Amino acid sequence: MSDAADDILTKPLGVANKASRARFARSPSAGAIAGTGLLALALLAGGLALTGDPRGGEPRAQAAIDIREAPTPRATEAAAPVPKGPAQSASEVEQASGVTVFRPDGSAAPDAPVIIRVPNAAQVKLAPAPDPRLTERGRHGPLPRLGEGRLRPLDVYARPEEPGTGPRIAVLVSGLGIGENATLGAIARLPAAVSLAFSPYGNDLEKTAIRAREAGHEILLQLPMEPFDFPDSDPGPQTLLASARPGENLDRAAWAMSRFPGFVGAVNFMGAKLMSEPGALEPVLKDLSARGLGLIDDGSAAGSKVAEVAAKTKLPTARAEIVIDAVARPDAIDAELARLETLARQKGFVLASASTSPLTIDRLSRWSRDLETRGIRLVPVSAILRRPGGVAKLSSAAH
């Protein structure tokens, strides 16, 4: 072996010259250590020579890796749509689409008979709202107003009455805008000719009102009015009070009217006390008349003076003759609907009111689906508000 090789094999780490190597070799213990190092290096060199692997001789294990191509999706899987958003129940899909499924026997069995109502693609379209000709800026926001040439919101925003003959029924359902499910259910399930009234205290009122009008429903505004047992029964913080100054009540009414556009008129929310006091009621009705609106008395309050005050202020108004769900039981509601048909055949035109409870919406939708086959037409409440003479004089048969 050459001196260079010998120097490499025998030179301890950190020894820089041959003198140091000599001193290292003369030490017995150092010689033994060097011999052991030579043996290890020899084995390493031999393993490298035999295997070509600097780790030759170390224990090793091998694992086979099988590389496979990703499977190609079947045609049916590739065509499947990717779901978007949270899963929806059948009733939620039904409400959102406007398609209504009736199960006459109430059964959920797969083979149970069903009746499916699909929205009419050629339904009546309502005029866009707000109409700038009929809008002014108020302290709380946009307000309806009478346009040039006495153009009224009552006329522009109304749902046109479809032509036909025979007895007519107008139904106003109030209380929308508070509960989302009940509101969407009423919009989707009720016939478009049913008029809907929105509470001013709801959320996203403008958006929901637009949705109702796009579905063909004429809309009204609920005005919170003082009942006799106020504040035990409290219509809300913007209630029109019998003891308030006229300016205060008008400001509260303006707040309510600024909440959403497109309504043809107002309807009382509670209000038995205010509606029984002509002096407190007159400034409010006079303002509604000056704005080109109408007013519906929902028929829930005995002793209402709305009709006589409205005649004085030339405000178009009408009082509901039947409160459909005054007794909130299925059999009682069905009995009132049957009585409503009887009155319509006797008188030719009847106005009824109802709440937006799920039970009421269910009974109304079932009752109305084949109403025309019984010779009776549903019409919007504006049909009676817009009749010549302004005030509609209907006999009171309300509860």
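The values are calculated or read from the model by the stated rules, or taken from the named source; none is laboratory data. Here the structure is a predicted model, which is why all the values come from computation and not from measurement. Because the Cβ atoms are built from the backbone with ideal geometry, glycine has one as well, and the counts that use them run over all protein chains shown. Accessible surface is based on the protein model in full, side chains and every heavy atom, while ligands, DNA and RNA are left aside. Shrake-Rupley method; radii C 1.70, N 1.55, O 1.52, S 1.80 Å.
The table below lists the values:
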{"quantity": "Pair Asp370, Ala326: separation of 7 Å Cα→Cβ label points (nm)", "calculated": "2.9 nm"}
{"quantity": "Within-9-Å neighbourhood charge of Asn268 [Cβ basis; K, R +1; D, E -1]", "calculated": "-2"}
{"quantity": "Shape call, region 133-283: gyration tensor on alpha carbons, a/c limit 1.5", "calculated": "prolate"}
{"quantity": "Formal net charge of residues neighbouring Gly202 (Cβ-Cβ distance under 11 Å; K, R +1; D, E -1)", "calculated": "-1"}
{"quantity": "Full-extension gain in nm, Ala244 to Glu180, via 0.36 nm per residue minus C-alpha separation", "calculated": "19.8 nm"}
{"quantity": "Accessible carbon and sulfur surface of region 262-348 relative to its total accessible area, %, 1.4 Å", "calculated": "56 percent"}
{"quantity": "Per-pair calculated FRET efficiency, R0 = 30 Å: Ala338 and His140 via Cβ, rounded to 0.05", "calculated": "0.10"}
{"quantity": "Distance violations [Cα-Cα > 28 Å] among Lys207/Lys314; Lys305/Lys347; Lys312/Lys347; Lys125/Lys273", "calculated": "Lys207/Lys314; Lys125/Lys273"}
{"quantity": "Heavy-atom surface of region 111-236, accessible at 1.4 Å and reported per residue (Å²)", "calculated": "49 Å²"}
{"quantity": "Inter-centroid distance (Cα atoms) of region 129-197 relative to region 288-320, Å", "calculated": "17 Å"}
{"quantity": "Dipole-positive endmost among Phe230, Pro246, Leu205 within region 177-254 (Cβ charges, Cα centre)", "calculated": "Leu205"}
